[in-house]
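> First, the structure itself, so that you have it in front of you.
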Amino acid sequence: MSISSIQTSAPGKVVVSGEYAVLIGAPAITMAVNRRAKCLVEVSDSGDWSIKSQPSFWDANFTLDQLAHSSTSDLIASVLNRINMKVNVTPHARLNMDTRPLFQFGKKMGLGSSAATLVSLYVAVHALYGEEYSIEEALRLHDEVYTSGSGIDIATCFSGGVIRFQERQVDSISLPTGIWTKVFFVGASTTTSDKVLLFNDWLNTQPQSTTDRIKDASSAVAESVDRADEFLEALRYFIEIQEFIDNGSRIGIWGPQHRAMKSLANRDGVLYKPSGAGGGDIGLALSTDLEALDHLSIGAERLGLKEIDALVEKTGVRIESVH
């Protein structure tokens, strides 16, 4: 059967623990969330590749030849160019990307919108032509398109659920029974790649003991997912290491709003941390006391932070429809 159109979707993500530590081989924990990027590809009889996105960041027209000369900052063009090197892509098609659930008032929230875009587009084009697709190839595509990063966002968007990610090994896990989470957007977006470079530069000036401390703290969280109290205690220590990294590297992980939220959370007996690169984007609050989390939400509103509806999404990338 000849396919004329296909729609896919992939979830966003929230990093629970292991930020920066994952870059040096330590395990990290992430969860996919129920905010999905959608990709629709429709084969045309004529014209170029017409690319439309919501929000409108990537509206453009490309011939396949032009893809090779597109800016590396143009994510969709870069991904299509790499796919076109391996798959016999049609020269005529319409592509619509909808990542609005991963944005707030036009601002990227740090929920992995770029990764969800890459994964959903990668699967859409491969499925359109009956080509096999895999998480391993999606991670290789990430490496070709980006110059840094662990690939953890890609793995989470592809797999769904809660995962343990270490050196490209993906294991499906669950957060400890009795742990509740809330996600907050601080109202400002941040750039991950710049912070990764600063982290690497700082770590290169540190003794081996610093690397060991970071790895051990991240590993302790990953190894305690069966026990809520131990998990929270391990995560509390990892947050201390996260602050240690920030104080030494001056990356700016703990921006003013994150620090204010941590003070509020401490008063309610709740753990709070920046999720992902930090600085802006999102923060994650965790507790075994749902009432305390609800109370924190009220305080967050006064600080200007917005609680995000972000529950664990068990399903990773999927094909929504085929015609």
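Only the coordinates and a few stated rules stand behind these numbers; no lab work does. Since the model is a prediction, treat every value here as computed from it, not as a measurement. Here the Cβ positions follow ideal geometry from the backbone for every residue, glycine too, while neighbour counts run over all protein chains shown.
> If each DSSP helix of 4+ residues adds -39,500 (n - 2.57) and the sum is divided by the residues in the chain, what number results at 222 nm, nearest 500 deg cm²/dmol?
Value at 222 nm, helices only, nearest 500: -12000 deg cm²/dmol.
> If we count other beta carbons within 10 Å of each Cβ, what is the order of ASP281, ASP143, fewest first?
So the ranking, lowest neighbour count to highest, is ASP143, ASP281.
> Could I ask something else about it? Counting only C-alpha contacts under 8 Å and six or more residues apart, can you give the relative contact order of the chain as a whole percent?
26 percent
> Can you list residues from other chains, or at least 5 along the same chain, whose modelled amide H is less than 5 Å from the amide H of GLY255?
Long-range HN contacts for GLY255: GLY279.
> Right, something else. Quick one: dipole size for the chain, taken about the Cα centre, charges +1 on Lys/Arg Cβ and -1 on Asp/Glu Cβ, in debye to the nearest 20.
Using only the charged Cβ atoms, the result is roughly 540 debye.
> Calculate the translational D of the chain in whole µm² s⁻¹ from Stokes-Einstein, where the hydrodynamic radius comes from the Kirkwood formula applied to all Cα pairs, the temperature is 25 °C and the viscosity 0.890 mPa s.
Value of D from the Cα-based Kirkwood radius: 121 µm²/s.
> Which three semi-axes in whole Å describe the equivalent ellipsoid of the stretch 180-308, each the square root of 5 times a Cα gyration tensor eigenvalue, listed largest first?
Largest first, the stretch 180-308 gives 25, 19, 10 Å.
> Whose amide H sits under 5 Å from the amide H of GLN54, counting only residues 5 or more places off or on another chain, with H placed in the peptide plane?
Under 5 Å from the amide H of GLN54: MET97, ASP98, THR99.
> Then there's this: Between the stretch 252-323 and the stretch 96-142, what's the alpha-carbon centroid distance in Å?
23 Å
> If you fit an axis through the alpha-carbon atoms of helix 208-222 and take the longest principal axis of the Cα set of the chain, what angle between them do you get, 0 to 90°, nearest 10?
Around 80 degrees separate the two axes.
> Related question: Check GLU313: other-chain or 5+ apart residues with amide H under 5 Å from its amide H, H built from backbone geometry?
Amide H neighbours of GLU313: ALA32, VAL33, ASN34, GLY161.
> In addition: Report, in debye and to the nearest 20, how large the dipole of the stretch 5-173 comes out about its Cα centre when Lys and Arg carry +1 and Asp and Glu carry -1 on their Cβ.
Rounded to the nearest 20 debye, it is 580 debye.
> Right, another one. Mind running the shape call on the stretch 119-169? Use the C-alpha gyration tensor, a ≥ b ≥ c as the square roots of the eigenvalues: rounded below 1.5 for a/c, prolate if a/b tops b/c, oblate otherwise.
Because a/c hits 1.5 or more and a/b fails to exceed b/c, the stretch 119-169 counts as oblate.
> Arrange the peptides 86-93, 4-11, 116-123 so that the one whose residues have, on average, the most other Cβ atoms within 10 Å appears first.
Highest-to-lowest ranking by the protection proxy: 116-123, 4-11, 86-93.
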